[in-house]
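The values are calculated or read from the model by the stated rules, or taken from the named source; none is laboratory data. Model, not experiment: these values are computed from the prediction. Every residue, glycine among them, receives a Cβ derived from its backbone with ideal geometry; neighbour counts consider all protein chains shown. Only protein heavy atoms, including side chains, enter the accessible area calculation; ligands, DNA and RNA are left aside. Shrake-Rupley method; radii C 1.70, N 1.55, O 1.52, S 1.80 Å.
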Amino acid sequence: MEAKERAPWIRSATPYVIIAALVLSSLWFSVRNPSKQVAEMSGIIEAVTFRGASDDPRVSERTAVIRLADGTIVQAHIVTPLRVHSGQRAKVAVYEQVLSAERTYELVEARDSN
(Lines give C-alpha, C1' and ligand atoms only; values in the text may rest on other atoms or scores of the structure.)
Protein backbone atom coordinates (compact mmCIF):
# COMPACT_ATOMS: atom_id res chain seq x y z
CA MET A 1 0.00 0.00 0.00
CA GLU A 2 2.81 2.37 0.82
CA ALA A 3 4.43 1.95 -2.62
CA LYS A 4 1.17 2.91 -4.37
CA GLU A 5 0.94 6.10 -2.28
CA ARG A 6 4.51 7.07 -3.16
CA ALA A 7 4.15 6.58 -6.92
CA PRO A 8 2.05 9.72 -7.66
CA TRP A 9 4.42 11.86 -5.59
CA ILE A 10 7.43 10.54 -7.51
CA ARG A 11 5.71 11.22 -10.86
CA SER A 12 4.83 14.77 -9.85
CA ALA A 13 8.37 15.51 -8.59
CA THR A 14 10.18 14.12 -11.65
CA PRO A 15 9.87 17.29 -13.83
CA TYR A 16 11.27 19.41 -11.00
CA VAL A 17 14.22 17.06 -10.55
CA ILE A 18 14.96 17.19 -14.29
CA ILE A 19 14.75 21.00 -14.37
CA ALA A 20 17.03 21.26 -11.33
CA ALA A 21 19.55 18.93 -12.99
CA LEU A 22 19.54 21.07 -16.16
CA VAL A 23 20.02 24.29 -14.19
CA LEU A 24 22.86 22.81 -12.15
CA SER A 25 24.61 21.44 -15.24
CA SER A 26 24.30 24.86 -16.95
CA LEU A 27 25.80 26.58 -13.93
CA TRP A 28 28.63 24.06 -13.76
CA PHE A 29 29.32 24.50 -17.49
CA SER A 30 29.36 28.30 -17.25
CA VAL A 31 31.80 28.19 -14.32
CA ARG A 32 34.11 25.72 -16.06
CA ASN A 33 33.98 27.48 -19.47
CA PRO A 34 33.00 31.11 -18.94
CA SER A 35 34.21 32.34 -22.32
CA LYS A 36 35.87 31.13 -25.49
CA GLN A 37 37.88 32.90 -28.17
CA VAL A 38 35.80 33.22 -31.32
CA ALA A 39 37.92 35.44 -33.57
CA GLU A 40 41.01 37.58 -34.04
CA MET A 41 40.71 40.95 -35.73
CA SER A 42 43.03 43.78 -36.61
CA GLY A 43 42.66 47.53 -36.51
CA ILE A 44 44.26 50.83 -35.55
CA ILE A 45 44.58 52.08 -31.98
CA GLU A 46 42.89 55.46 -31.64
CA ALA A 47 43.35 56.06 -27.91
CA VAL A 48 44.70 54.45 -24.75
CA THR A 49 43.19 54.94 -21.30
CA PHE A 50 44.47 54.11 -17.85
CA ARG A 51 42.36 53.39 -14.81
CA GLY A 52 43.62 52.45 -11.38
CA ALA A 53 42.61 48.87 -10.61
CA SER A 54 43.65 49.20 -6.99
CA ASP A 55 44.97 51.73 -4.50
CA ASP A 56 48.51 51.05 -5.72
CA PRO A 57 49.35 53.77 -8.30
CA ARG A 58 51.82 51.45 -10.05
CA VAL A 59 49.05 49.01 -10.95
CA SER A 60 46.63 50.27 -13.57
CA GLU A 61 44.15 48.74 -15.94
CA ARG A 62 44.80 49.79 -19.51
CA THR A 63 42.21 49.83 -22.26
CA ALA A 64 42.48 50.82 -25.90
CA VAL A 65 39.93 52.30 -28.24
CA ILE A 66 40.44 50.50 -31.55
CA ARG A 67 38.93 51.08 -34.97
CA LEU A 68 38.62 47.68 -36.64
CA ALA A 69 39.09 47.10 -40.36
CA ASP A 70 35.31 47.19 -40.94
CA GLY A 71 35.03 50.62 -39.25
CA THR A 72 33.62 49.34 -35.95
CA ILE A 73 35.05 50.96 -32.83
CA VAL A 74 35.65 48.66 -29.84
CA GLN A 75 37.19 49.06 -26.42
CA ALA A 76 39.74 46.35 -25.63
CA HIS A 77 41.52 45.39 -22.44
CA ILE A 78 45.30 45.58 -23.01
CA VAL A 79 46.96 42.30 -22.03
CA THR A 80 50.30 42.83 -23.75
CA PRO A 81 53.05 44.21 -21.49
CA LEU A 82 54.43 46.27 -24.39
CA ARG A 83 54.12 50.04 -24.66
CA VAL A 84 50.91 50.89 -26.51
CA HIS A 85 50.01 54.23 -28.11
CA SER A 86 47.61 55.64 -30.68
CA GLY A 87 48.38 55.06 -34.35
CA GLN A 88 49.72 51.53 -33.85
CA ARG A 89 48.30 48.50 -35.65
CA ALA A 90 46.54 46.21 -33.21
CA LYS A 91 45.66 42.53 -33.10
CA VAL A 92 42.50 41.98 -31.05
CA ALA A 93 41.26 38.67 -29.65
CA VAL A 94 37.46 38.43 -29.44
CA TYR A 95 35.98 36.37 -26.62
CA GLU A 96 32.34 35.37 -26.29
CA GLN A 97 30.65 34.44 -23.03
CA VAL A 98 29.25 30.92 -23.37
CA LEU A 99 25.80 31.48 -21.90
CA SER A 100 25.12 35.16 -22.63
CA ALA A 101 26.95 35.47 -25.99
CA GLU A 102 28.32 38.83 -24.79
CA ARG A 103 31.59 39.73 -26.51
CA THR A 104 34.71 41.12 -24.89
CA TYR A 105 37.90 42.26 -26.61
CA GLU A 106 41.57 41.97 -25.64
CA LEU A 107 44.50 43.72 -27.30
CA VAL A 108 47.11 41.01 -27.68
CA GLU A 109 49.62 42.70 -30.01
CA ALA A 110 50.47 46.27 -30.96
CA ARG A 111 53.10 47.38 -33.47
CA ASP A 112 53.93 50.56 -35.31
CA SER A 113 52.36 50.77 -38.75
CA ASN A 114 54.73 51.26 -41.66
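Scanning the range 52-71 for residues that are open to solvent by 60 Å² or more (accessible area, probe 1.4 Å) and modelled with pLDDT of 75 or more turns up R67, A69, D70.
Among the residues making up the range 72-114, those that are exposed (fewer than 15 other Cβ atoms within 10 Å of the Cβ) and over 19 Å from the mean Cα position of the chain (by Cα) are P81, L82, R83, H85, S86, G87, R111, D112, S113, N114.
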